Amino acid sequence: MERRAIVVRGIVQGVGFRPFVCNLATRLHLHGFVRNQTGTLLIEVEGEPPSLEQFLTELANRPPPLAHVEHLSWEAMPPQGERQFSIASSEFAPTSPVFISPDVATCADCLAELFDPANRRHGYPFLNCTNCGPRLTIITGAPYDRPRTTMASFVMCPACRAEYDHPADRRFHAQPTACADCGPRLQILDAAGRPVPAPDPLAHFAAALRDGRIGALKGLGGYHLACDARSRATVAELRRRKHRDEKPFAVMVPDLAAAEKIGAVGPAERELLLSPRAPIVLLHKRPRAVAEEVAPRNPYLGVLLPYTPLHHLLLRAAGGRPLVMTSGNRSDEPIAYRDDEAPEKLAGIADLFLVHDRPIHVRCDDSVTRVVDGAELPLRRSRGYAPAPVQLPFECPGPILAVGGQLKGTFALGRGRQAFLSHHLGDLDHYEAYRAFEKDVALYEQLFAIVPQVIVHDLHPDYVTSRYAQERAARLGIPLLAVQHHHAHMVSCMAEHGLAEPVIGVTFDGTGFGTDGAVWGGEFLVGDYRAFRRAATLRYVGLPGGDQAIREPWRMAVAHLVDAEVELRPLKARLLPVEVRTVERMLERRINTPLTSSAGRLFDAVAALAGVRDRVSYEGQAAVELEWLATGVESDGTYPFALSPGENPLVVDTRPLIRALAEDTRRGVRTALIARRFHSTLVELIAAVCDRLRGATGLGAVVLSGGVFLNALLTREVSARLGADGFEVYRHRLVPPNDGGLSLGQLAVAACGFAGCAKPQAAERMETQRCASASPAR
């Protein structure tokens, strides 16, 4: 007989790991105990050596569905002659770290109970177990147990308590455990937020949606606005009320078969839709599947399956029809999540509310993802994914907080080799979103028992996250690190893949503060975690009006025409002469016209030149419409461009491209063909620059990052072309390539910099944005 003491670290608490261990040990006739303690699982087990080996194998390779084993170690102990296996009382130190599982979709066992008339939880919209249900959105503190969740006020009935206390039960220590006798309940409110008598609130709400009304539904991490996705009039009215002219809505359908009726579902899309994460997945839209107003002129449809019992019941009560399920907010505002604010924030939008009395503590939007070449490409990492950790390629020398950027906000906490990325926080220029950022940073620090010893932020001095970092570092007297925007993009992709050697980083996006004070965005970097140099860039042009140019792509078209010394009368004919003259004067006199190398703004310029879009109603609209036009069109050539000889950094001259594209426009070439030629040109441009940089540095690995690489056509073709040219190509798979992934890159830069990682030999004259002395902020 042998005895072993086993320590398991990872997501092992609140996910049914202890009953799993108990049942496994009992099956293998092993004795001992299992205990939660200090952020780990401690197991002492004894028996015959073959059984112990099988126990370790299954422990590591077949954990419960929501568990994630980060580390497992064991040491021999003297046998103690025990004759049973037990679950011992938990031991938590006040500062012990706990890995929190994300909120996950309803499991098959709970679904079977939900629709079983003989089950005591039949039709109960808040059933769950250790394998599913809310986690992050209900937690209020650590350690994770019921008194520190928003279920604290719901006293379990005897039947639920018996399940909660029984080690062999699926609901053993499932903190949100409840039933109709003791748990949360539904209620209907009218448009003004007043209670409405309704014997069956769910049936009342579903009937209203079937009748063409717009409802607000309190979900897992906030309110959704819901309506019949097949009713053109209703969806159009939702757009009018929400002030969301063209940005697409997501659609929820009851099951996979229904998803296949409205969109093309491949094996990878199927896996994502059915996964416990249950994200919104972009599918190629089938004709006339839903009202055109759901996603106007868009070849894609964001589709998700029900991920809570309430959603499953609602879809069934609505007759299985597809429902618009979009964020409960006005255009661009944070999603409403508090019961006292929802009726006010959604006044004039929702005709009625379906609410419940379980509070939401952490606002959490739905995650959004897509599949490119059979692999996931995240657009928004939030519910179902956060706060699961991302493995770092090296140890953090101490606890680190990375605060991300201004838009698509996330933050990250680093400890050991773990990066705990937050859920999506939205655009932090909204005060309410910034307040949520402050609150959630504090919550995550408590949950993971992390007190930062270093804070890292974007180089941009005016980001609210930069100011937060500066003020807090000064208050705590700890080092502060500023990381250049595109360096963070590059490193985020490196960290995902565990790359250790220097790379070529193709970082294309809309806006990032450069080391020279200009607006970068079309960058080729050479470097690693510790440092980089700007090896090549797109040619600078003016950004007339700053942020106004982002909302009005025609301004970028004029800027590029002026730079290329080209007239384009079809563009000017669509604009007011006074507008054009004003922008031309701004460019000539450099008034409110910073310089930019942005690839995102080049997309905008081309979209306006080709007549696709002069103004946008949501971020990136011009670029995505250009992508849609180009997709499926056979390439027949490229536009010219030039690489400046001998310059450092190498400059990609876009003027030949603009002149040739303007000539195509004059000649009446099809817009779709212009869009296709432009995409093909970017592929050739990236390949040419990477080849030139490989010749100068000897580097053969390329990472693709920045929001432009959400473009599936460009990402697919650049990856294929570089691969054919002999490069190792890496793209994002765990965090978004847009600013939602910045915090991971910032964290990795800080961890490597303060750990003293060696600088790569191949990267010459690199720049780093670390504070020179790494001394406490002042």
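The values are calculated or read from the model by the stated rules, or taken from the named source; none is laboratory data. This is a predicted model, so every value here is computed, not measured. Glycine gets a Cβ as well: all are built from the backbone with ideal geometry, and neighbour counts include every protein chain shown. Remember, those area values only see protein heavy atoms, side chains included, never the ligands or the DNA or RNA. Shrake-Rupley method; radii C 1.70, N 1.55, O 1.52, S 1.80 Å.
A few comments on the model shown:
- Listed here are the helices (runs of 4 or more DSSP H) enclosed by the stretch 550-596 that have at least 1 residues being acidic (Asp, Glu) and surrounded by fewer than 20 Cβ atoms within 10 Å (Cβ to Cβ): 553-564, 577-589.
- Breaking point among (1) at pLDDT 95 or above; (2) open to solvent by 40 Å² or more (accessible area, probe 1.4 Å); (3) aromatic (Phe, Trp, Tyr), for residue 463: (2)
- Matching entry among 334, 343 (being in a loop (DSSP other than H, G, I, E, B) and open to solvent by 10 Å² or more (accessible area, probe 1.4 Å)): 334
- Qualifying residue in the stretch 75-83 (condition: of a type in the set (S, T, N, Q), open to solvent by 30 Å² or more (accessible area, probe 1.4 Å) and in contact with an Asp or Glu (Cβ under 8 Å, 6 or more places away or on another chain)): yes
- Selection from the stretch 49-91 of residues that are under 15 Å from residue 24 (Cβ atoms) and acidic (Asp, Glu): 53, 58
- Within the stretch 447-461, tally of residues that are within 21 Å of residue 99 (Cβ to Cβ) and outside any loop (DSSP other than H, G, I, E, B): 1
- Residues that are crowded, with 24+ Cβ neighbours inside 10 Å, out of contact with any helix residue (DSSP H, G or I) (no Cβ under 6 Å at 6 or more places or on another chain) and in a strand (DSSP E or B), drawn from the stretch 348-358: 353
- Pairs linking a residue in the stretch 175-200 that is surrounded by 13 or more Cβ atoms within 10 Å (Cβ to Cβ) to a residue that is assigned to a loop (DSSP other than H, G, I, E, B) and acidic (Asp, Glu), with Cβ atoms under 8 Å and 6 or more positions apart or on different chains, are 175/145; 184/357; 185/357; 187/357; 191/351.
- Meeting the requirement of 1 or more residues that are over 16 Å from residue 306 (Cα atoms) and in contact with a helix residue (DSSP H, G or I) (Cβ under 9 Å, 6 or more places away or on another chain), the helices (runs of 4 or more DSSP H) wholly within the stretch 197-277 are 201-210, 232-242.
- Pairs meeting the criteria (first residue in the stretch 429-441 and outside any helix (DSSP H, G or I) and surrounded by fewer than 20 Cβ atoms within 10 Å (Cβ to Cβ), second residue modelled with pLDDT under 95 and not polar (S, T, N, Q), beta carbons under 9 Å, at least 6 apart or on different chains) are 429/407; 430/332; 430/333; 430/334.
- Of the residues 79, 63, 102, the single one that is out of contact with any strand residue (DSSP E or B) (no Cβ under 7 Å at 6 or more places or on another chain) and outside any strand (DSSP E or B) is 102.
- In the stretch 39-60, the residues that are open to solvent by 70 Å² or more (accessible area, probe 1.4 Å) and either at positive phi or in a helix (DSSP H, G or I) (or both): 50, 53, 54, 57
- Taking the criterion of being part of a loop (DSSP other than H, G, I, E, B), open to solvent by 60 Å² or more (accessible area, probe 1.4 Å), touching a helix residue (DSSP H, G or I) at 6+ places or on another chain (Cβ under 9 Å) and farther than 12 Å from residue 679 by Cβ, the only residue of the stretch 637-668 that qualifies is 640.
- Taken over the stretch 134-151, the criterion of being open to solvent by less than 10 Å² (accessible area, probe 1.4 Å) and small (Gly, Ala, Ser) is satisfied by 141 alone.
- For the stretch 462-495, a residue qualifies if it is under 22 Å from the mean Cα position of the chain (by Cα) and assigned to a strand (DSSP E or B), and exactly one does: 483.
- Filter result (part of a loop (DSSP other than H, G, I, E, B) and either open to solvent by 10 Å² or more (accessible area, probe 1.4 Å) or aromatic (Phe, Trp, Tyr) (or both)) within the stretch 110-129: 115, 116, 117, 118, 119, 120, 122, 123, 124, 125, 126
- Of all residues in the stretch 385-409, those that are open to solvent by less than 10 Å² (accessible area, probe 1.4 Å), under 18 Å from residue 364 (Cβ atoms) and part of a loop (DSSP other than H, G, I, E, B) total 4.
- Taken over the stretch 524-547, the residue count meeting the criterion of being surrounded by fewer than 24 Cβ atoms within 10 Å (Cβ to Cβ), modelled with pLDDT of 95 or more and either in a helix (DSSP H, G or I) or of a type in the set (Phe, Trp, Tyr) (or both) is 1.
- Members of the stretch 319-338 that are closer than 13 Å to residue 219 by Cβ and touching a strand residue (DSSP E or B) at 6+ places or on another chain (Cβ under 6 Å): 323, 325, 326, 328, 335, 336
- In the stretch 539-566, the residues that are under 17 Å from residue 665 (Cβ atoms) and of a type in the set (A, V, I, L, M) form Cβ pairs under 7 Å with partners that are open to solvent by 40 Å² or more (accessible area, probe 1.4 Å) and assigned to a helix (DSSP H, G or I), at six or more places apart or across chains, as follows: 558/584; 562/584; 564/655; 564/659; 566/659.
- Tallying residues that are surrounded by 24 or more Cβ atoms within 10 Å (Cβ to Cβ) and small (Gly, Ala, Ser) within the stretch 359-378 yields 1.
- Every test in (1) farther than 24 Å from residue 693 by Cα; (2) out of contact with any strand residue (DSSP E or B) (no Cβ under 6 Å at 6 or more places or on another chain); (3) open to solvent by 30 Å² or more (accessible area, probe 1.4 Å) is passed by residue 673 save one, and that test is (3).
- Residue 212 being touching a strand residue (DSSP E or B) at 6+ places or on another chain (Cβ under 9 Å), surrounded by fewer than 17 Cβ atoms within 10 Å (Cβ to Cβ) and within 15 Å of residue 13 (Cα to Cα): no
- In the stretch 282-307, the residue that is least open to solvent (accessible area, probe 1.4 Å) out of those that are β-branched (Val, Ile, Thr) and out of contact with any Gly (no Cβ under 7 Å at 6 or more places or on another chain) is 294.
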